[in-house]
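Here is the structure we will look at.
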Amino acid sequence: MKKLITVLIILSLTIIHTTVKSFGQELKDSTFKQSFNQVIRNGDKNRLNLHDPLDILKAQAVGVTFLKKGSDPNQFNSINIRGKETGYSPQILYIIDGIMGADPSMLLPDDIESIEIIRDGAQLTAYGTQGCSGVIVIKTKHYTGNKKISVNFSSFITINSLAKKIDLLSAEQVRSTVAKYDMNFVDGGSSTDWQEEIMRKPVSQIYNLGISGKLNNTVYDFSAFFDKNPGIVKGTSRKNNGANLKLSHSALNNKLVLYSNFAYNTVNAEILPNLITNYGNDIFFQALRRNPTDPVYESDGVTYHQVQRDFRYLNPLQIIDAITSNSNTNNLRINAGGTYNIVNGLDAGINFGYSNSDYKYDFLQPIEALNEQDELSSNTSNLNKRMNVEAKINYNTILNDAHNISAGAIFRYRTLKFETESYSADGSYKDTSIYNEDRNYSNIIMTAGYNFRQRYYVNVIANIESSELVVSGFQTSIDQVNRSKFYPSVMAGWEISNEKFLNDNTFISHLLLKASYGIRGNGNADINMFYRYSGIENLKTEKFTELNIALDFGLLKDKVTGSFGWYSRNTDNGVGIYYLPVPPYLSYYTYKNAYKISSNGLEAMISVKAIDHENFKWNSQLNFFKYEDELKEGSFWRTEGTPTGYFNLSIQNYPTQLLRAGSPSNVFYLPVSAGYSEDGRPLYYTETGTKTRDLVRAKYEIMSQTDPKFYMGWVNSFNVMKNFDLSVSMSYTGGYSIYNATRMYLSNPFFLPSMNISEEGLNNLESGYETSAFLSDTYLENASYLRVDDLTLSYTFTCKKMKTPGQLKIYASAGNLFTVTDYTGYDPAGESDGVDYFDVYPLARTYTLGIRFNF
């Protein structure tokens, strides 16, 4: 293998491709002008007040769902492309300037030029098991002018505030309730809003300086940035500092192009400590239930007030202040390569990418933090190294002015090395664990394309992938697992608008019917193991087959453009956990090819130039995505003796969801509430229609699903008098529910007066209820929501009379301006296992002032 790589590198250094812009980042055949991909450019209509690069995609990306709740500065958007495929889907494969597997959260959003979403199953075939969940190609900005020096500067400051609070009782309400019901209560003597106490209104800021230009045949781009983002919850923050240098050089009449990219950044973070796993995050659990009559400090104003009203009844501010929970990450990205046009129609090239991420986390819980007997401490070190080498050659020719034929080949070799070491100490007990994982992938990708007179297109891709896996540590050593797979795909298109019968048509300017079919695999399940299980080497690779059909159109000289598409995807050989009895087995579970799942979706995008006047322009873009999936057979998790389904996501030992063939991949399965008994106890319906207090005898029903069915984004941009710009982006997510266990806990009147409860809990008390239900469909809430993501107004000054002309833009914006939803928790958006149990970081509303200038 090493000899083959060496030969290919030497060969590729002598025959190098001409197009730096696309090499190593996309695999679109030149004969097929339109693909199923979507490219979003980072322009003025995008949000300007971003810390998270993937926020650029919001309200614009089709078929993309965002998996982040709230505004935790240390939690970045992860995304799904076209929904779930498997229980062990790998993360989206990010390719940044040709570096495969790089981390987008380390980028500054303002440095991004474009983001391409590769979602079509046929094109994903080219990435094999590594890109089975979708591929995001990010290109950073590069200089295209002829100035020797060009300077760009951007900066903004943002005021963040809590967008929504949970409705809890005030100290006065607690006191009046105690008096009304003659409760035995020790008044803390204060009036404290504990949500306000753990929150703050911080100011976040970004500064970015870019210097670029062209010196003879060499183009350079340098940028440096500082990003400070304190969270709205005390004890959380993120600082990201970095620099990036890009160089490219052309020679031999621009036939030869060499390029390189060096980027480095360091991130320091304060992370909210998570102490009680039974109740989500301990900070929110303690703050929301803490009695509002308790003061924050003792009479000295320095010592945190502590009182023992309940087991592990803790002051959340003392936890934040006393506990150390910090991380530091250093990231390096290197990209280098070259391109060369050998002869007309024959191009070749090579691309090298390397990334290194060194992450360290430290945790210290001193004795006084939780009044424990022993000090707790732990530290973790993770080292990720990724390297990829690609060599490509492509030939394209036209025969008789009618037949466009192309053929190409790519060899890709990628290595991933992951090392982690963790240490923990609890008093005198100490433990150290080490885990190492090495993965190697090699792909030989062949492409062929044909089109006839720019009307009929056919593209074919074939990917032969070999992979190796070695795992060691955590009391085990996995022998090398070798796999070799073949993944084919085909794309076809009919450019209807180029047919003669539409030559004189003035209404239709573009009409393309396209279809594709592709097969790809998922080897990610091979690495989801920390112990050696019997038969693990015999797992079959998960297989995805996908059919896509779409129609692209342009009307009225492209004043109206858009696309309508449909896809269908099937997952076979799904790898799931199979639980085993111990004894006789040594381990209580193993992995097996256990299920099949199917999904389909509708995608639509329409863009309208509604008004195109010299002094007033209005552009509008609307995106829509509808997603459905069904578990065909088996289950992600299977317990011996229950082959038809598996209960999941328990609360206080009661399951909330059911995984069962014939239903969506995750559905709620809850007891049906029958109200309350005369003595204030919760009742449930039984299968026979009677009522019972016994949850074991309750009737359970499948109710709704945890994953959204609908996504919609709407972006409007206005330009007035050439200098004023206004943009509004909003999104809608619907067709799913969240089990609000936080509300269930806080609505229980039993906890009063020792601890705080919600307004609903007070109503329950006044209705004569002794306690709320431990589990009930009462707390299953519709989580659909409509949100105004961003509103930005800007003014641009153009300085033409200066010796060096430039532009200055000033802008003001508001983010998460309002959310329309029936959900009563902090935030219905983002990643969800279906249950909110004191583990949702609150959402921030943001107000921003910023500037940008260049000369």
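The values are calculated or read from the model by the stated rules, or taken from the named source; none is laboratory data. Every value quoted in this text rests on a predicted model; they were computed, and no experiment measured them. Using ideal geometry, Cβ is built from the backbone for each residue, glycine included, and neighbour counts are taken over all protein chains shown. The accessibility values were calculated without ligands, DNA or RNA, using every heavy atom of the protein model including side chains. Shrake-Rupley method; radii C 1.70, N 1.55, O 1.52, S 1.80 Å.
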Subject >> Residues that are charged (D, E, K, R) and either open to solvent by 70 Å² or more (accessible area, probe 1.4 Å) or under 23 Å from GLN308 (Cα atoms) (or both), drawn from segment 340-386 >> reply: LYS360, ASP362, GLU368, GLU372, ASP374, GLU375, LYS385
Subject >> Among residues of segment 420-453, those that are farther than 30 Å from LEU370 by Cα, over 28 Å from the mean Cα position of the chain (by Cα) and open to solvent by less than 60 Å² (accessible area, probe 1.4 Å), counted >> reply: 6
**OP:** Tell me which residues, restricted to segment 290-310, are modelled with pLDDT under 95 and either open to solvent by less than 10 Å² (accessible area, probe 1.4 Å) or of a type outside the set (Asp, Glu) (or both).
**Re:** SER299, GLY301, VAL302, THR303, TYR304, HIS305, GLN306, VAL307, GLN308, ARG309
**OP:** Mind checking which strands (runs of 3 or more DSSP E) fall wholly inside segment 668-735 and carry at least 2 residues that are farther than 30 Å from ARG787 by Cα and under 35 Å from the mean Cα position of the chain (by Cα)?
**Re:** 700-705
Original post:
Just for segment 202-222: of the residues that are surrounded by fewer than 17 Cβ atoms within 10 Å (Cβ to Cβ) and touching a Leu at 6+ places or on another chain (Cβ under 8 Å), which one is nearest to PRO109 (Cα to Cα)?
Top reply: PHE222
Original post:
If we scan segment 395-407, do we find a residue that is of a type in the set (S, T, N, Q), within 30 Å of ILE99 (Cα to Cα), open to solvent by less than 40 Å² (accessible area, probe 1.4 Å) and touching an Asp or Glu at 6+ places or on another chain (Cβ under 9 Å)?
Top reply: yes
Original post:
How many residues, within segment 223-239, are in contact with a helix residue (DSSP H, G or I) (Cβ under 6 Å, 6 or more places away or on another chain) and either under 30 Å from ALA251 (Cβ atoms) or open to solvent by 60 Å² or more (accessible area, probe 1.4 Å) (or both)?
Top reply: 2
Original post:
Quick check, is TYR313 buried (at least 16 other Cβ atoms within 10 Å of the Cβ), part of a loop (DSSP other than H, G, I, E, B) and in contact (Cβ under 8 Å) with a residue 60 or more places away in the chain?
Top reply: yes
**OP:** Scan segment 657-690 for residues that are modelled with pLDDT of 90 or more, open to solvent by 40 Å² or more (accessible area, probe 1.4 Å) and either touching a Phe, Trp or Tyr at 6+ places or on another chain (Cβ under 6 Å) or hydroxyl-bearing (Ser, Thr, Tyr) (or both) and jot them down.
**Re:** TYR676, TYR685, THR688, THR690
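Rundown of residues vs (1) in a helix (DSSP H, G or I); (2) crowded, with 21+ Cβ neighbours inside 10 Å; (3) touching a residue at least 24 places away in the same chain (Cβ under 8 Å), yes/no style:
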position	(1), (2), (3)
TYR745	yes, yes, yes
ASN763	yes, no, no
THR771	no, no, yes
THR778	yes, no, yes
ASP790	no, yes, yes
LEU817	no, no, yes
ASP839	no, no, yes
PHE853	no, no, yes
Original post:
Is segment 72-85 home to any residue that is open to solvent by less than 20 Å² (accessible area, probe 1.4 Å), over 22 Å from SER665 (Cβ atoms) and in contact (Cβ under 8 Å) with a residue 12 or more places away in the chain?
Top reply: yes
Subject >> Among the residues listed as SER155, SER114, the single one being under 23 Å from ILE334 (Cα atoms) and either among the small types (Gly, Ala, Ser) or surrounded by fewer than 21 Cβ atoms within 10 Å (Cβ to Cβ) (or both) >> reply: SER114
**OP:** Report yes if ILE138 is among the β-branched types (Val, Ile, Thr), in contact with a strand residue (DSSP E or B) (Cβ under 9 Å, 6 or more places away or on another chain), part of a strand (DSSP E or B) and open to solvent by less than 20 Å² (accessible area, probe 1.4 Å), otherwise no.
**Re:** yes
